Amino acid sequence: MKPATRTIWILALLFFWHSGLTAQNGVIKGRIFNINTNDPIPFANIVLYDQQTGSTSDLDGNFIITGLEPGFYKLAASAIGFRTRITEEMQVTNARPVFVDVGMEPATVELEAVLVRASPFDRKKESPVSLRSLGISEIEKNPGSNRDVSRVIQNLPGVASSVSYRNDVIVRGGGPSENRFYLDDVEIPTINHFSTQGASGGPVGIINADFLREIDLYSGAFPANRGNALSSILEMKMKNGNKDKTIFRGTVGASDLALTVEGPMGKKSTYILSARRSYLQFLFSVIGLPFLPTYNDFQLKNRILLDKKNTLTFIGLGAIDQFELNTGLDNPTEDQQYILDFVPVNEQWSYTVGAVYKHFGRKGNHTLVLSRNYLNNQSYKYRDNDERSPQNKILDYRSSEYENKFRYEHDMSTGSFILNYGGGLEYAGYTNETSQQVYGDTGIRLIRYDSRINLWNWNVFGQVTKGFFNERLTLSLGIRSDANSYSPVMNNLLDQLSPRLSGSYVITDRWFLNFNTGRYYQRPPYTALGFRNNDGELVNKTNRLKYIRSDHLVGGVEFRPATDAQISLEGFIKMYDDYPFSVADSINLASKGAGFGTYGNEEVISISQGRAYGAEVYARGMLFGKINTILSYTFVRSEFQDKNNNYVPSAWDNRHILNITARRSFPGNWDAGLRWRYVGGAPYTPWDINKSGLVLAWDSRGTGYLDFDRFNSLRLGAFHQLDLRVDKSYFFNKWSLNFYIDIQNVYNFKGEEPDNLLRVTGPDGQPVIVNPGAPPEEQRYLLKEIRSEAGTVLPTLGVIIEFSM
């Protein structure tokens, strides 16, 4: 270790061990109200969960709890005629009071035979299975995640992670294009920087954790008001800005600098605003990596209380991503050269803006959501990165997508029935200007087209929920239908009817039996809808491209050994139909989408079937009363039909996924945690050495070709990793300071990856052609495969400072 580096670590450790002063000046303020009508609930009891400290709401439903030590708290609210409510977690510091709105659900009947105890593990009646929630402490202090939502949810059952350190959301054997994301009721198209267009993956998350208060992940049992998903729906709930003071929060993290500001805007409005900028390009350049990424993002929330019955919320989210190649490397290694040879230069920018209006009536509430999202994606590649001649350009891609969305929902209770119904209308556009060299049976051909499409999407939905036998049994029946104007094949709502049924049975106050079955549809990506051939024909429209269908069946049992502990076992089956099948590669599109670039931008036909099935074990609670523990194990098989209609493993057939996370708080405002994860080896396809060696074939794309006749016939070794994190916090009168050390892959495990294929170079640095005297179409490069592996010890020193004005 260099002397300067050693000095920094010693100073950091000495500062960590210095004891900070902590005052008990934390404050929680809030309002308790009827969740259906927004009417205040007076004289409700509100206490710190699992403690005696608390307060009582006044005539307007307001309450205040003072004299709290800084830390993470939940509240328990109870009132006559309402179900006891335990809130999500909130972080209390001396720098600012915390504001929380506590909505309580009216109790329809008193449970006589069975008393269901209030629990922090909320069970939604329409989704009693396959729904998991994580609070602010799991987001803020999860080891190895660096406050990145895509990595935090990898603790949950059914969610796989990759050894390549991408943030692809892989849930229950489904592909990364099968997920949908919502931020305070506004749908956002992606949650990652440098995203794969048409899918969801990327290396770094866009969402700033400073905004979040809770995240819910549905891996099944989707409510009817959420559509166009086959594998998961991620709901991210943001906190409101501070009502009393202007608060500043600065963060230096693993890869970026962030500044967040929140505060009041008059008596009835609050805001929270942030900006982040990465410094990865400087670090990568210093350590000699072959690519130089830069990202910036911006986030905004503004909430306005119009009056006691009406609220209006604005949100904004934007990102600017630039990806350059570090072509100035001296004597690049073989691994570096492999990346330089085929990775294109890429630039993206995107935004989402939305407004959510809520009106509370006598028996329920109305929600109107209006939003727009936009993505601009450009990339280019020159042969051997030589930009001196236009003839060397083998890829020039410029694309954009936009959606203007409107959704209406009505939630209401009438007697013992809970109803939700509504509909949505969207106007979308897609453009694509592509010029790309492609090698085929007749040699190199140029794909060149300019595609512009516009289409309407519309949907209707409804769901009814009712309890039976003194609410021992709860059933929820929903139906949804989606359609669009792209083609006659997809414009009939009756062709995409999507029914779903959930049920939950209370065996005892600790045991629950749950199930769900449903049929779900997803529109193919815009990249597939807008693909054209050189004649300008929308070939996938001619091929009668359809909505993708997936039928789910989920059943499970849940046990709560204590009020703050939960153990569940679930089994699941997903059956796919009408999945797009690649005409060029003769494989199902389900195994694509995890690379950089685009997904679905090719000719496809809706003929493929697939299946994913398995079981999950999930345990969560306070081990030994002090250690916050999450354990999840998933056995999953994911298979899709090949060109011979035989089922073969998909790229997401990891089989075994195990995560163990444990965190504990210590005296003196110390926190420590660990996460160990194990992911079974993924299938992969070997190289087609014969085709890859052809000079014309290689030069048209800068890399080799996979042998799809042996699709996913090989399998990588399993991957496992241990991450550690230690936090030290200091709380002062008007400000707080938090330091943390996060170490990923502590024991430096090297995960196996598919071999890289490279051209052999001669003494002059030029690729070796084994038959230079042959005709150009027969000339071949001398190739070699080199072993590839990923994984290194990655330490991060982070600082978070917060102060009020």
Under 22 Å between alpha carbons - lysine pairs in the range 252-406 that sit 8 or more apart or on different chains: 17
Accessible area in square angstrom per residue, the range 655-713, 1.4 angstrom probe: 40
Whole-angstrom gap from the range 311-338 to the range 477-496, using each part's C-alpha centre: 38
Computed helical MRE - 222 nm, the chain, DSSP H runs ≥ 4 contributing -39500 (n - 2.57), nearest 500: -2000 deg cm²/dmol
Surface share of carbon and sulfur [accessible, 1.4 angstrom probe, percent] for the chain: 58
Hz values of 3J(HN,Hα) by residue in the range 570-578 - Karplus curve (6.51, -1.76, 1.60), Gly and Pro given as x: 10, x, 9, 9, 10, 10, 9, 8, 6
Order by protection proxy (mean Cβ within 10 Å, highest first), peptides 525-531, 624-630, 82-88, 714-720: 525-531, 82-88, 714-720, 624-630
Under the Debye formula (equal points on every Cα, no solvent term), log10 I(q)/I(0) of the range 139-211 at q = 0.24, 0.27 Å⁻¹: -1.24, -1.50
Residue-normalised accessible area of the range 346-394, given per residue in Å² at a 1.4 Å probe: 52
Net charge over other residues, Cβ less than 14 angstrom from the Cβ of Val129 (K, R count +1; D, E count -1): +1
Karplus-derived 3J(HN,Hα), 6.51/-1.76/1.60, for each residue of the range 335-349, Hz, glycine and proline x: 5, 5, 5, 4, 5, 4, 5, 10, 6, x, 6, 9, 9, 10, 8
Alpha carbon centroid spacing (whole Å) that separates the range 137-159 from the range 717-764: 14
Relative contact order (%) - criterion: Cα under 8 Å, at least six apart; region: the chain: 12
Charge context of Arg172, other residues only, Cβ under 14 angstrom, K/R +1, D/E -1: -2
Between 0 and 90°, nearest 10: helix 3-17 axis offset from the chain longest Cα axis: 20
List Trp676, Trp652, ordered by accessible area with a 1.4 Å probe, largest first: Trp676, Trp652
Table column - 3J(HN,Hα) (Hz), the range 234-247, Karplus curve with 6.51, -1.76, 1.60, x for Gly and Pro: 10, 9, 10, 10, 9, 7, 8, x, 5, 7, 9, 9, 8, 10
Cα convex hull volume per residue for the chain (Å³): 157
Cut-off 14 Å between beta-carbons: net charge of the residues surrounding Asn45, Lys and Arg +1, Asp and Glu -1: +1
Whole-Å semi-axes of the range 271-312's equivalent ellipsoid (Cα gyration tensor): 42, 7, 4
Rounded Å value of the spacing that divides the Cα centres of the range 553-616 and the range 67-84: 38
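The values are calculated or read from the model by the stated rules, or taken from the named source; none is laboratory data. None of these values were measured; they are calculated from a predicted model. Reconstructed Cβ throughout: ideal geometry from the backbone, glycine too, with neighbour counts over all protein chains shown. What goes into the accessible areas is simple: the full protein's heavy atoms, side chains included, and nothing from ligands, DNA or RNA. Shrake-Rupley method; radii C 1.70, N 1.55, O 1.52, S 1.80 Å.
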